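I have placed the structure first, in the form of structure tokens, so that the comments after it can refer back to it.
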Amino acid sequence: MDTYELITRNAEEVVTDEEVRKLADDPADKRAYVGYEPSGVLHLGHLLTANKLIDLQEAGMETVVLLADVHAYLNGKGTFEEIRETAAQMKAQFIAYGLEEERTEFVYGSEFQLEEEYTLDLHELELSTTMNRAQRAMAELQSGETAKVSHLVYPLMQTLDIQYLDLDLAVGGLDQRKVHMLHREEIPDLGYEARPCLHTPIIADLTSGEGKMSSSEGVTISMEDSTEDLEEKVNSAFCPPTREPDGDLENPVLELFEYHVFPRFEEVVVERPEKYGGDLTYGDYETLAADLESGELHPADAKGTLASYLDELIAPGREKLRELRS
RNA sequence: CCGCCCUUAGCUCAGACUGGUAGAGCAGUCGACUGUAGAUCGACUUGUCCCCCGUUCAAAUCGGGGAGGGCGGACCA
């Protein structure tokens, strides 16, 4: 797989393709980042962007993980002390998951976001951004909730972070699209250069196959799950025997194979009783999906396999969590 | 500073005028059917009715006070 392909694989959108191709030509020492509101427990949503960071490291880039403590504070997630505590746990789990410690810079937002120059730039952004625009860019805002001033400052800071962390590429879920576009539009007016952005897809809800998986409602798979939890959650997932269910629905089991299993494993073995045809081995997502579509691979077998591979992915983080809590 | 509206199940809300300790939809749980899930049937669970005080035999409901949230007006020196 060439560098460009590695950088962009499984990405839903790249802005712009031309800029990212240039990055791929000379990835050494280039810096890419994802910002996370500190959370005590990593879930699949976090791991999806982490997978991309691992790809980028493999491509030779430096990666930066922003532990966005100030953002979390602005979003009402607790005191700074509490937030830093969960941030430390988050960092440990990322490393356990597979981010290379020596090639990942973990940065707390408060390390640079409270400095004078940053603050003055922030005020300049406030001056030129309408409340409407800022609110629409605020992905974290619950729909229906009335925005606080802090919610409007939040995306403006994200916009600035990309400059202040000296990045060459911003990574995030597709839900971060509006912030990134705000960055690209506004940051040149401050005299800085807009950076390219890479967006991962938003995975469908496990039980319904619709919309996006939400950490606040519905079933979430996280580092806290035991092997039995995983089996139960995956088994109850929506999984019609096709890769393209009716309407806007997706097949979340296939999505998990595509975005979580195959990027981390060379080979996937489906252990299957002789009665149903014996074991199957897949080297890539496409053939597995095609087999599900044709009926060669039964959803129940796909689920059992998915659960055990997810379990393997989560095991180190789960162990780390246990240590942190003991 | 003034005025109006809202607060009841996990969610959206009904019930309040005409007091009798609560309902619907959705969600959830459990079975049946599928070698998964869903769909479809069948069954089931869920509550400090925002808080306090008062009236009453009896308050989600009436009266008073308070809290939280939303909206508008005024002020614009």
Is there a quick way to get the dipole size of the stretch A:227-325? I mean about its Cα centre, with the Cβ of Lys and Arg at +1 and of Asp and Glu at -1; what is the value in debye to the nearest 20? 440 debye
Multiply the residue gap between A:F80 and A:E13 by 0.36 nm, knock off their C-alpha separation, and tell me the result in nm, one decimal place. 20.7 nm
Roughly how big is the stretch A:3-200's charge dipole about its Cα centre, with Cβ charges of +1 (Lys, Arg) and -1 (Asp, Glu), in debye to the nearest 20? 700 debye
Against the longest alpha carbon principal axis of chain A, how many degrees, from 0 to 90 and to the nearest 10, is the axis of helix A:80-97 turned? 40 degrees
With every protein chain present, what is the per residue accessible area of chain A (1.4 Å probe, Å²)? 47 Å²
Using only helices, what value at 222 nm comes out for chain A when you add -39,500 (n - 2.57) per DSSP H run of length 4 or more and divide by the total residues, to the nearest 500 deg cm²/dmol? -14000 deg cm²/dmol
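Which of rounded, prolate or oblate describes the stretch A:3-200 when judged by the alpha-carbon gyration tensor and an a/c cut-off of 1.5?
Oblate, because a/c is 1.5 or more while a/b does not exceed b/c.
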For helix A:44-58, what angle does its Cα long axis make with the longest principal axis of chain A, in degrees from 0 to 90 and rounded to 10? 80 degrees
Taking Cα centroids, how far is the stretch A:1-64 from the stretch A:102-146 in Å? 21 Å
Could you point to the residue in A:S222, A:T8, A:S150 farthest towards the positive end of chain A's charge dipole, with +1 and -1 charges on the Cβ of Lys/Arg and Asp/Glu respectively? A:S150
Net charge near A:G283: determine it from the other residues with C-beta under 12 Å of the C-beta of A:G283, scoring Lys and Arg +1 and Asp and Glu -1. -4
First check a/c for the stretch A:227-325, with a ≥ b ≥ c the square roots of the eigenvalues of its C-alpha gyration tensor; if it is under 1.5, answer rounded, and if not, answer prolate when a/b is larger than b/c or oblate otherwise. prolate
Tally Lys and Arg at +1 and Asp and Glu at -1 over the other residues with C-beta under 12 Å from the C-beta of A:F238: what net charge comes out? -3
Just for chain A, what percent of DSSP beta bridges are antiparallel, to the closest 5? 30 percent
Using alpha carbons only, how many degrees (0 to 90, rounded to 10) separate the axis of helix A:116-128 from the longest principal axis of chain A? 80 degrees
Would you mind checking which residues have amide H under 5 Å from A:C239's amide H? H placed 1.01 Å from N; only 5 or more apart, or other chain. none
Let me check against my output: what whole-number percent is the relative contact order of chain A, with C-alpha pairs under 8 Å and at least 6 apart? 18 percent
Carbon plus sulfur fraction of accessible area for the stretch A:235-320, probe 1.4 Å, in percent: 45 percent
Check each of the GluC sites (Glu not before Pro) in the stretch A:275-326 and keep only those in coil by DSSP with at most 13 other C-beta atoms within 10 angstrom; list them in order. A:E296
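The values are calculated or read from the model by the stated rules, or taken from the named source; none is laboratory data. Please read all numbers here as calculations on a predicted model, not as lab measurements. In this analysis, Cβ positions are derived from the backbone assuming ideal geometry, glycine residues included, and neighbour counts consider all displayed protein chains. Ligands, DNA and RNA are excluded from the accessible area calculation, which covers all protein heavy atoms including side chains. Shrake-Rupley method; radii C 1.70, N 1.55, O 1.52, S 1.80 Å.
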